[in-house]
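A.B. asks: Quick one: the structure is below, and I'll ask about it shortly.
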Amino acid sequence: MNIEGQNTQTAGGGQAAVEWAVVDSDIGPLLLAATADGLVNVVFHAHPRVRDKAVASLAARFGGAVTEAPASPRLAEPIRQLRAYFAGELREFSLDLDWTLIGGFNRQVLRELNDGVPYGAVVGYGDLAHRVGQPGAAQAVGMAMGANPLPVVVPCHRVVESDGGLGGFGGGLETKRKLLALEGVLPEPLF
């Protein structure tokens with residue numbers, strides 16, 4: 001069973017497989033990984049070294065049952081929706097998400113972000129902390145954003161500093177700028 005109490009066992013009693021693929025995007029290669037429960041991981045800059053580290057981490061977490069499967073039915077809809085998002089045709093993801101890789105306060109914050117900050121909007125770290133009932137936890141919200149296993153889909157790029165600064169971002173500030181420009185929050189770069 002995963003943290004949500006959903007069955008992640010195969011019919012034979014073994015651990016459910018994680019299937020993954022690397023896809024190109026406007027912000028560079030992304031590794032997408034999915035379980036039977038849904039999309040479980042999105043990894044930025046999935047060049048070979050980063051990809052190998054991410055796959056090893058997934059294998060450690062899921063008992064080694066990790067398979068490269070670019071044609072997987074589990075990945076077809078996440079790939080389709082990400083392509084539509086980057087083409088400017090999708091404003092809200094409607095994917096099954098597997099929250100196995102995050103728990104506690106971090107999961108609470110990410111769920112609030114996912115459900116409460118729409119495309120084209122931003123929220124401050126402190127505002128998000130207040131929304132989850134922890135008004136003094138802006139720094140902890142920042143740590144939750146850094147631990148987000150599902151960036152882009154769970155839009156941590158929409159969390160900014162209260163003074164208007166971009167704040168940090170696991171994919172790099174240029175990636176955050178590109179995502180916010182795509183959503184119309186920032187102007188497109190001139191060059």
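Since every read-out is calculated from the coordinates, none of them should be taken as a lab result. Quantities reported herein were computed from a predicted structural model and do not represent experimental measurements. Neighbour counts run over all protein chains shown; Cβ positions are idealised from the backbone, glycine included.
A.B. asks: Run the numbers on region 18-115 and let me know its relative contact order in percent, using alpha-carbon pairs under 8 Å that are six or more apart. Mind dumping the intermediate values first?
C.D. replies: Working: 125 pairs, mean separation 29.7, N = 98.
In percent, rounded to a whole number, it is 30.
A.B. asks: Just one of [x] 1.02; [y] 0.94; [z] 0.96 is Rg/Rh (Cα atoms, Kirkwood Rh) calculated from these coordinates, so which is it?
C.D. replies: [z]
A.B. asks: Can I ask one more? Measure nothing fancy, just the Cα-based angle from helix 104-116's long axis to the longest principal axis of the chain, in degrees from 0 to 90, nearest 10.
C.D. replies: For 104-116 against the chain, the angle is about 70 degrees.
A.B. asks: Whole-Hz Karplus ³J(HN,Hα) for region 59-75, in order, using 6.51 cos²θ - 1.76 cosθ + 1.60 and θ = phi - 60°, x for Gly and Pro?
C.D. replies: So the J values, rounded to whole Hz, are 4, 5, 6, 10, x, x, 7, 10, 9, 6, 8, x, 9, 5, x, 4, 9.
A.B. asks: Give a residue-ordered list of calculated ³J(HN,Hα) values for region 86-97 (Karplus: 6.51 cos²θ - 1.76 cosθ + 1.60, θ = phi - 60°; whole Hz; x for Gly, Pro).
C.D. replies: Each residue of region 86-97 in turn: 5, 7, x, 9, 9, 10, 9, 6, 10, 10, 6, 10 Hz.
A.B. asks: Right, something else. Could you work out the relative contact order of the chain, using alpha carbon pairs under 8 angstrom and six or more residues apart, expressed as a whole percent?
C.D. replies: 18
A.B. asks: Residue by residue through region 43-54, what is 3J(HN,Hα) from phi via Karplus (6.51 cos²θ - 1.76 cosθ + 1.60, θ = phi - 60°)? Round to whole Hz and write x for glycine and proline.
C.D. replies: Result, rounded to whole Hz: 10, 6, 6, 7, 6, x, 5, 5, 4, 4, 5, 5.
A.B. asks: Let me ask another. In a shell of Cβ-Cβ distance under 11 Å around residue 179, excluding residue 179 itself, what net charge do Lys and Arg (+1) and Asp and Glu (-1) give? Provide the component values of the computation, followed by the final result.
C.D. replies: Numbers: positive: 158, 176, 177, 178; negative: 26, 174, 183.
Overall, the nearby charge balance is +1.
A.B. asks: Normalized C-alpha radius of gyration of region 68-174, against 2.2 N^0.38 Å?
C.D. replies: Here the Cα radius of gyration is 1.11 times the empirical estimate.
A.B. asks: Just name one of 134, 100, 121: the one whose Cα is farthest towards the positive end of the charge dipole of the chain (beta-carbon charges, Lys/Arg +1, Asp/Glu -1).
C.D. replies: Checking the options against the dipole of the chain, the answer is 100.
A.B. asks: Let me check I've understood the local charge: for residue 132, count other residues with C-beta under 14 angstrom from its C-beta, Lys and Arg +1, Asp and Glu -1. What total comes out?
C.D. replies: 0
A.B. asks: Right, something else. So who's got an amide H within less than 5 Å of the one on residue 40, skipping anything under 5 residues away but keeping other chains? H placed 1.01 Å off N, in plane.
C.D. replies: Close amide H contacts, sequence-distant or interchain: 33, 34, 35, 98.
A.B. asks: Grab the DSSP H runs of the chain that are 4 residues or longer, score each as -39,500 (n - 2.57), total them, divide by all residues and round the 222 nm result to the nearest 500 deg cm²/dmol.
C.D. replies: Value at 222 nm, helices only, nearest 500: -10500 deg cm²/dmol.
A.B. asks: Rounding to the nearest 20 debye, state how big the charge dipole of the chain is about its Cα centre with +1 on each Lys and Arg Cβ and -1 on each Asp and Glu Cβ.
C.D. replies: That gives a dipole near 300 debye.
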